[in-house]
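A.B. asks: Pasting a structure here, questions to come.
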Amino acid sequence: MPLDFFDLVTEVIDLRSFSNLWYWIVLAILWSSMSHWTIGVPFHLVTRTRRGDAQAEIDMLVLARMNAERNVAYAETSGTVATAFSTFILTGLAITGWVYGVEFSQAIFLLLCPSMMVLGLGVWTSYRLRADDYQHVPQILRQHRTMVQMLGVVFIFITAFWGMYQNVNVGPLG
């Protein structure tokens with residue numbers, strides 16, 4: 001009996017996200033990246049600055065100023081439209097995920113929703129840096145990273161809990 005195209009696609013691409021190893025790899029990479037890149041500044045520059053590396057401090061200040069100003073300019077020009085669009089997308093994913101029971105939408109929502117929160121936190125941090133006139137960049141970036149890591153712990157726990165719940169309810173064979 002020949003397989004039709006839909007059967008072939010569903011065999012190759014498993015839309016049961018929470019039982020898929022690739023989903024958990026993407027989740028780990030996402031949180032690792034969001035924790036390492038504090039508003040576009042790699043955190044190792046902040047660490048090297050704290051240890052007294054003068055070149056790292058110059059690089060950190062340049063990157064922080066450039067990215068903070070870019071974030072503030074973007075927020076002031078397109079922030080409302082971007083917030084409305086991302087809210088629309090997240091609402092659509094939440095409705096299709098939890099009202100209609102589409103696991104793929106739930107999985108994408110659990111990746112995008114905290115990412116949007118971290119993005120908003122980055123804009124808030126950018127405003128803080130600008131208001132501080134970039135005097136306490138390492139401290140503000142460390143605080144930002146700590147908040148991102150706290151969000152990460154909470155949302156990784158929520159995602160893992162929901163994923164385990166889905167896997168137990170659905171079972172290994174669907």
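The values are calculated or read from the model by the stated rules, or taken from the named source; none is laboratory data. From a predicted model like this one, the values you see are computed outputs, not experimental measurements. Using ideal geometry, Cβ is built from the backbone for each residue, glycine included, and neighbour counts are taken over all protein chains shown. Just the protein is used for accessible areas: all its heavy atoms, side chains included, with ligands, DNA and RNA removed. Shrake-Rupley method; radii C 1.70, N 1.55, O 1.52, S 1.80 Å.
A.B. asks: Let me spell it out: the conditions are (1) in a helix (DSSP H, G or I); (2) modelled with pLDDT under 95, and A73 meets all of them except one. Which number is the exception?
C.D. replies: So A73 meets the others, but not (2).
A.B. asks: If I ask for residues that are aliphatic (A, V, I, L, M), assigned to a helix (DSSP H, G or I) and surrounded by 14 or more Cβ atoms within 10 Å (Cβ to Cβ), which ones from the range 20-52 would you list?
C.D. replies: Of everything in the range 20-52, those that are aliphatic (A, V, I, L, M), assigned to a helix (DSSP H, G or I) and surrounded by 14 or more Cβ atoms within 10 Å (Cβ to Cβ) turn out to be V26, L27, L30, M34, L45, V46.
A.B. asks: Something else now. Starting from the range 28-55, take each residue that is more than 27 Å from C113 (Cβ to Cβ) and list its partners that are surrounded by 14 or more Cβ atoms within 10 Å (Cβ to Cβ) and charged (D, E, K, R), counting only C-beta distances under 6 angstrom and pairs at least six apart or across chains.
C.D. replies: Pairs found: L45/D59; T49/E57.
A.B. asks: Does W31 satisfy being at pLDDT below 95, farther than 20 Å from D133 by Cα and hydrophobic (A, V, I, L, M, F, W, C)?
C.D. replies: Spelling it out, it is not the case that W31 is at pLDDT below 95, farther than 20 Å from D133 by Cα and hydrophobic (A, V, I, L, M, F, W, C).
A.B. asks: Against the definition (under 23 Å from W31 (Cα atoms), open to solvent by 40 Å² or more (accessible area, probe 1.4 Å), at pLDDT 95 or above and not β-branched (V, I, T)), how does F155 come out, yes or no?
C.D. replies: No; evaluated as a whole, the condition is false for this residue.
A.B. asks: Kindly indicate which of A82, A94 is in contact with a helix residue (DSSP H, G or I) (Cβ under 6 Å, 6 or more places away or on another chain) and either among the charged types (D, E, K, R) or surrounded by 13 or more Cβ atoms within 10 Å (Cβ to Cβ) (or both).
C.D. replies: A94
A.B. asks: Tell me which residues, restricted to the range 1-19, are modelled with pLDDT of 75 or more and open to solvent by 70 Å² or more (accessible area, probe 1.4 Å).
C.D. replies: The one that is modelled with pLDDT of 75 or more and open to solvent by 70 Å² or more (accessible area, probe 1.4 Å): F5.
A.B. asks: Would you confirm, using the coordinates I've provided, whether V123 is within 20 Å of A73 (Cα to Cα) and touching a helix residue (DSSP H, G or I) at 6+ places or on another chain (Cβ under 6 Å)?
C.D. replies: Against the criterion (within 20 Å of A73 (Cα to Cα) and touching a helix residue (DSSP H, G or I) at 6+ places or on another chain (Cβ under 6 Å)), V123 qualifies.
A.B. asks: If you don't mind, another one. Identify the single condition in (1) exposed (fewer than 15 other Cβ atoms within 10 Å of the Cβ); (2) part of a helix (DSSP H, G or I); (3) modelled with pLDDT of 95 or more that I140 does not satisfy, given that it satisfies every other one.
C.D. replies: Status for I140: all satisfied but (1).
A.B. asks: Could you list all residues from the range 109-137 that are part of a loop (DSSP other than H, G, I, E, B) and surrounded by fewer than 14 Cβ atoms within 10 Å (Cβ to Cβ)?
C.D. replies: Residues satisfying the conditions are D132, D133, Q135, H136.
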